[in-house]
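Below is one structure; the comments refer to it alone.
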């Protein structure tokens, strides 16, 4: 398998705007390796075609604590929004669901 550099990014609050909304800045906090993987037929059956068409699946060995903090992830020059994750630290891999269309 070919792995790529992955950077997990969290939004850090820097203040509030005139309407009281949070103002955040992206702050990279964890560099690791992993790869974007293909959806299996079972994934499509369970998650649905609508979900799998708009999302990608990222496989990484980063700790679950590191994955939980992420709002975004940068892989191969592209930045994706983190939508969810699956796995535990007892397992070999963590699966991160990211929003992004397949090119």
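Kindly list, by first and then second residue, each pair from a residue in segment 42-63 that is under 15 Å from residue 85 (Cα atoms) to a residue that is assigned to a helix (DSSP H, G or I), limited to pairs with Cβ atoms under 6 Å and residues at least 6 apart or on different chains.
Sorted first by the residue in segment 42-63, then by its partner, the pairs are 52/44.
Which residue is nearest to residue 74 (Cα to Cα), if the candidates are limited to segment 38-56 and must be in contact with a strand residue (DSSP E or B) (Cβ under 9 Å, 6 or more places away or on another chain) and part of a helix (DSSP H, G or I)?
Only one residue tops the list, namely 54.
In segment 70-91, how many are part of a loop (DSSP other than H, G, I, E, B), surrounded by 14 or more Cβ atoms within 10 Å (Cβ to Cβ) and touching a residue at least 40 places away in the same chain (Cβ under 8 Å)?
Looking only at that region, the number is 2.
Can you find even one residue in segment 21-30 that is closer than 17 Å to residue 99 by Cβ, touching a helix residue (DSSP H, G or I) at 6+ places or on another chain (Cβ under 7 Å) and at pLDDT 90 or above? If you could, list the steps in order and put the result at the bottom.
First pass over segment 21-30, keeping only residues closer than 17 Å to residue 99 by Cβ: 26.
Pick out the ones that are also touching a helix residue (DSSP H, G or I) at 6+ places or on another chain (Cβ under 7 Å) and you get none.
There is no residue in segment 21-30 that is closer than 17 Å to residue 99 by Cβ, touching a helix residue (DSSP H, G or I) at 6+ places or on another chain (Cβ under 7 Å) and at pLDDT 90 or above.
The values are calculated or read from the model by the stated rules, or taken from the named source; none is laboratory data. Here the structure is a predicted model, which is why all the values come from computation and not from measurement. When we count neighbours, we look across all protein chains shown, and the Cβ atoms used for this are built from the backbone with ideal geometry, even at glycine.
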